[in-house]
Amino acid sequence: MLGEYRIEGRRAVEIAASVERAVSSGGLAPGELLPPMRELAVELGVNPNTVAAAYRSLRDRGVIETAGRRGSRVRPRPATTSREAIGVDVPEGVRDLATGNPDPALLPSFRAALAAVSVQYEQQSMFYGAPLVSAPLARLAQAQLAADGVPKGPIAVVSGALDGVERVLAAHLRPGDVVAVEDPGWGGLLDLIPALGLRPEPVALDDEGPLPAAVERAVRRGARALVVTSRAQNPTGAAVSADRCRELRTLLAESPELLLIEDDHGHGIVDLPLHTLAGATDRWVLVRSTAKAYGPDLRLAVLTGDPTTVDRVGGRLRLGPGWVSHLLQDTVRHLWETEAVRPERVAASYAERRDALRAALAERGIEAFGRSGMNVWVPVPDETVAVSRLQRAGWAVAPGARFRMASPPGVRLTVSGIGVEEVDAVADAIASAIRPASPGRYG
């Protein structure tokens, strides 16, 4: 059953650690069946309750899953294995459309901002006891959010969108709680949820965002939180429309206790307005990352929401890292003040390439999705075949398994790695690699 690997330990924590080490090292493969609890207890010479506690701990941390009499198995994608591992190596000579990075040519220079902040810090450095948020940054963020129709709330600063989402989930939920999440959706989030001991509930979506019926079903199944991507949804490019926003707000008003997390990482790179769900429930946040518009290494996101939630996030931040560096905060403030990024130019560049690729694929009988942002999602009958054929043709794309739970197969292409003049070559390669998939929604 376990091949050459032997689970060890006398205490629950030791048994759980032994299993987790094996999963991390590859000694226990995804999907592998673990011994029945009583059988393992006899082998280790411990009480069955000790093994049960170990398995419960592993299940809460997203390492294994239990299916009643069918036993316990290593999760297909255990929390100790990132979905980034479900990808492809990009050999020399193969173009990278898989990684999901922004176009370096569209990122701003930090030279002036860093020089200005350096001078500022020579005059007044930050020490312990400084406020969590730079006041000038908070004012700018609140003005931007108000202009987008987001209700006024306190501001927190976190180390990127996923850091913000994690802190909000941890502030309200407990292991075993259900989180409704888009499917297909952001691989990092799909990793995070089981790692926190939470259970993901897939929510189907189309070009206009999560389907109301799917959200309603998730709530009926016990979801205590819902995570929605406002625009530039990863991997499909969906963006919440005005009509869909109204439908969802009406639906969410019937579940005021639901924790709503809105991810607006597309701010600064999309040409579609924000139709926000913020404030539709009593507990809500909106997280706005700088990664796509200013560069992934600028690890900063602004978070706003109801006072209780933001206060919990800030309080927990104080007990950990303390604060996000004011050097970073003031760098972002300077970039915003000087309008270092021209959103209309950036959005137009991505839209031109994205729309050209979708049109070229349509001409070849292939339906693709990508209403906003830098990604195009192409349904395929077999991801492995499509990915390998495209790589042989010189193009590396991301397999949909990195982003899916229950939705059908697909591949993601990031258009930041190509020019408009290359679109036909990419479309020809895709057409040669797959058969046209059936039209419709993503899942």
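Each reported figure results from applying straightforward, stated rules to the coordinates on display, with no laboratory input. This is a predicted model, so every value here is computed, not measured. Cβ placement follows ideal geometry from the backbone for every residue including glycine, while neighbour counts extend to all protein chains displayed.
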Scaled radius of gyration (Cα, divided by 2.2 N^0.38 Å) that the chain gives: 1.03
Amide H partners (placed H, <5 Å) of Trp284, local residues excluded: Leu260, Asp306
On the first, second and third principal axes, largest extent first, how far apart are the outermost C-alpha atoms of the stretch 111-337 in Å? 56, 37, 29
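Computed FRET efficiency, Cβ-Cβ of Gln124 and Arg318, R0 30 Å: what is it to the nearest 0.05?
Working: r = 21 Å, r/R0 = 0.72.
That pair, Gln124 with Arg318, gives E of 0.90.
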Give a residue-ordered list of calculated ³J(HN,Hα) values for the stretch 31-47 (Karplus: 6.51 cos²θ - 1.76 cosθ + 1.60, θ = phi - 60°; whole Hz; x for Gly, Pro). x, 6, 7, 8, x, x, 4, 5, 5, 5, 4, 4, 4, 8, x, 10, 5
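Quick one: putting +1 on the C-beta of Lys and Arg, -1 on the C-beta of Asp and Glu, what dipole do you get for the chain around its Cα centre, in Debye to the nearest 20? Let's see the in-between values first.
Numbers: 51 positive and 53 negative charges, 247 e Å.
For this selection, approximately 1180 debye.
Counting other beta carbons within 10 Å of each residue's own, what order do Thr281, Thr384 fall into, fewest first?
Values: Thr281 20, Thr384 11.
Fewest to most other Cβ atoms nearby, the residues stand as Thr384, Thr281.
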If you place +1 on the Cβ of every Lys and Arg and -1 on the Cβ of every Asp and Glu, how big does the dipole about the Cα centre of the stretch 285-443 come out, in debye to the nearest 20? 540 debye
Give me, ordered by chain and number, the residues 5 or more places off Gly176 or on other chains with an amide H under 5 Å from its own placed amide H. Leu198, Arg199
When only Cα pairs under 8 Å and 6 or more residues apart are kept, what is the percent relative contact order across the stretch 154-288? 23 percent
Could you go through the stretch 225-238 in sequence order and give the Karplus-derived ³J(HN,Hα) for each residue, using 6.51 cos²θ - 1.76 cosθ + 1.60 with θ = phi - 60°, rounded to whole Hz, and x for Gly and Pro? 8, 9, 10, 10, 9, 5, 8, 6, 4, 9, x, 8, x, 5
Rounded to the nearest 5, what % of DSSP beta bridges with both residues in the chain are antiparallel? 50 percent
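Hey, what did the stretch 12-74 get for relative contact order, percent, Cα under 8 Å, at least 6 apart? Walk me through the intermediate numbers first.
On the way: 64 pairs, mean separation 26.0, N = 63.
Relative CO of the stretch 12-74 lands at 41 percent.
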Residue by residue through the stretch 111-118, the couplings from Karplus 6.51 cos²θ - 1.76 cosθ + 1.60 with θ = phi - 60°, in Hz, x for Gly and Pro, are 4, 5, 5, 5, 5, 5, 5, 4
For the stretch 209-347, what is the largest minus smallest coordinate of the Cα atoms on each principal axis, given in angstrom and ordered from greatest to least? 44, 40, 22
Using the 10 angstrom Cβ neighbour count as an exposure proxy, how do His326, His267, His172 rank, fewest first? His172, His326, His267
Given 196-207, 179-190, 89-100, the highest-first ranking by average Cβ count within 10 Å works out to 179-190, 196-207, 89-100
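If you wrap a convex hull around the alpha carbons of the stretch 12-74, what volume per residue comes out, as a whole number of Å³? Numbers along the way, then the final one.
On the way: hull volume 4.7 nm³, N = 63.
Enclosed volume per residue, from the Cα hull, is 75 Å³.
So if we plug the beta-carbon distance of Arg6 and Ala170 into 1/(1 + (r/R0)^6) with R0 = 45 Å, what FRET efficiency do we get, rounded to 0.05?
Numbers: r = 34 Å, r/R0 = 0.76.
The pair Arg6/Ala170 has a calculated efficiency of 0.85.
For the chain, what relative contact order do you get, as a whole percent, if you take Cα pairs closer than 8 Å and at least 6 residues apart?
Reported as a whole number, the value is 19 percent.
Quote the charge dipole size of the stretch 98-184 about the Cα centre in Debye, to the nearest 20; the model charges only the Cβ of Lys and Arg (+1) and of Asp and Glu (-1). Each step should come with its number before you reach the end.
Values: 5 positive and 8 negative charges, 77 e Å.
Roughly 360 debye, rounded to the nearest 20.
What do you get for GluC sites (Glu not before Pro) in the stretch 345-432 restricted to DSSP loop and a cutoff of at most 15 other Cβ within 10 Å of the site's Cβ? Provide the component values of the computation, followed by the final result.
On the way: sites: Glu352, Glu363, Glu367, Glu383, Glu421, Glu422; in loops: Glu367.
Sparse-neighbourhood loop GluC sites (Glu not before Pro): Glu367.
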Taking placed amide H atoms and a strict 5 Å upper bound, the residues 5 or more places from Met126 or on another chain that come that close are none
Ranked from fewest to most other Cβ atoms within 10 Å of their own Cβ, Phe110, Phe127, Phe403, Phe369 fall in the order Phe127, Phe110, Phe369, Phe403
